[in-house]
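Dropping the structure in here first, questions after.
The values are calculated or read from the model by the stated rules, or taken from the named source; none is laboratory data. These figures come from a predicted structure and were not determined experimentally. Cβ coordinates were reconstructed from backbone atoms using ideal geometry, including for glycine residues, and neighbour counts include every protein chain displayed. Protein only, heavy atoms only, side chains kept; ligands, DNA and RNA dropped before computing areas. Shrake-Rupley method; radii C 1.70, N 1.55, O 1.52, S 1.80 Å.
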Amino acid sequence: MSFPHSTAAAARLEVVASTGSTNADLRAHADDDHGWPHLSAILTEDQVAGRGRLDRVWTAPAGAAIALSVLLRVPDVPVTERGWIPLAAGLAMADAIAAQQPERSVGVKWPNDVLVGERKICGILAEASGADVVIVGSGVNTRMTAEQLPVQTATSFAVEGVEADVDLLVAGYLARLDGWIARLAESGSAVASGLHDAVAARCVTLGRAVRVMLPGGDDLVGEATGLGEDGCLLVSAGGSVHRIAAGDVVHVRPA
């Protein structure tokens, strides 16, 4: 399969038949800024040792999903604003998926899972690698059948009745992500760049009742009311507004 649009969008695109982890592969090249410049990417339809947030295992049958990792060189993005990079990636991927599923509701579950309706189609993991490098990995369920879905809360292009154009999906994602990184670097803040408002507009977590499983093991139940200037989730509970920088968020459905 050829990827002319993706190749044009990326600074360098390597398509591999199979690999352990595209994020790990890119980390090995992080110090080679000449050979692997900003917006270099590795793509596969068979990742056998992927992982998600909190070191969870992420696997999919060969050919059922894509794994894509992008190397971002961000020396001009203020360190205080780099927490927005995974949020920008979630927004960029949601927009790229929505372009191929215009009749469906596509949104971001904070911080960066992409949902179609209420079901997850894409997960994203961003990792710093050195002082000014961020590697953003994403897994998108493309041809996964209903029987192959790992959980009932997942979906895929195929399950939604849509044949994914992977080349256009990757190209659209890369172009959108690069655009947001450039605006973030130029403006110096997510608020000034418009990224804050754009993420908030796509974020289906806002306005919802949520249960947040905090890193220390406690649960916080309340209403997600907004995003802080640093990208944290604002949750109103017990008469106070809590700033959530990390934690698993579950959308609580009305009884």
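Looking at segment 99-111, which of its residues are in contact with a strand residue (DSSP E or B) (Cβ under 8 Å, 6 or more places away or on another chain), open to solvent by 10 Å² or more (accessible area, probe 1.4 Å) and among the polar types (S, T, N, Q)?
Ser105
Among the residues of segment 55-71, write down those that are modelled with pLDDT under 80 and either exposed (fewer than 13 other Cβ atoms within 10 Å of the Cβ) or closer than 22 Å to Val162 by Cα (or both).
Asp55, Arg56, Val57, Thr59, Ala60
Any idea how many residues of segment 148-198 are on the phi > 0 side of the Ramachandran plot and within 19 Å of the chain's Cα centre (by Cα)?
The qualifying residues number 1.
Okay, moving on. For segment 90-100, indicate whether the set of residues that are modelled with pLDDT of 95 or more and touching a Pro at 6+ places or on another chain (Cβ under 9 Å) is non-empty.
yes
Now a separate question. Of Ser129, Ser156, Ser138, which residue is small (Gly, Ala, Ser), modelled with pLDDT under 95, within 27 Å of Leu43 (Cβ to Cβ) and open to solvent by less than 60 Å² (accessible area, probe 1.4 Å)?
Only one candidate qualifies: Ser129.
Another one. Considering every residue within segment 217-230, establish whether at least one is charged (D, E, K, R) and either touching a strand residue (DSSP E or B) at 6+ places or on another chain (Cβ under 7 Å) or closer than 16 Å to Asp113 by Cα (or both).
Among the residues of segment 217-230, at least one is charged (D, E, K, R) and either touching a strand residue (DSSP E or B) at 6+ places or on another chain (Cβ under 7 Å) or closer than 16 Å to Asp113 by Cα (or both), which makes the answer yes.
Looking at this structure, is Gly207 under 21 Å from Glu118 (Cβ atoms), without any contact (Cβ under 8 Å) to a residue 40 or more places away in the chain and open to solvent by 20 Å² or more (accessible area, probe 1.4 Å)?
When the stated conditions are applied, Gly207 passes them.
If you don't mind, there's one more thing I want to ask. In segment 210-255, which residue that is at pLDDT 90 or above and over 26 Å from Ala88 (Cβ atoms) is surrounded by the most Cβ atoms within 10 Å (Cβ to Cβ)?
That would be Ala237.
Limited to segment 89-144, what total is found for residues that are under 16 Å from Asn23 (Cβ atoms), part of a helix (DSSP H, G or I) and over 11 Å from the mean Cα position of the chain (by Cα)?
Count: 0.
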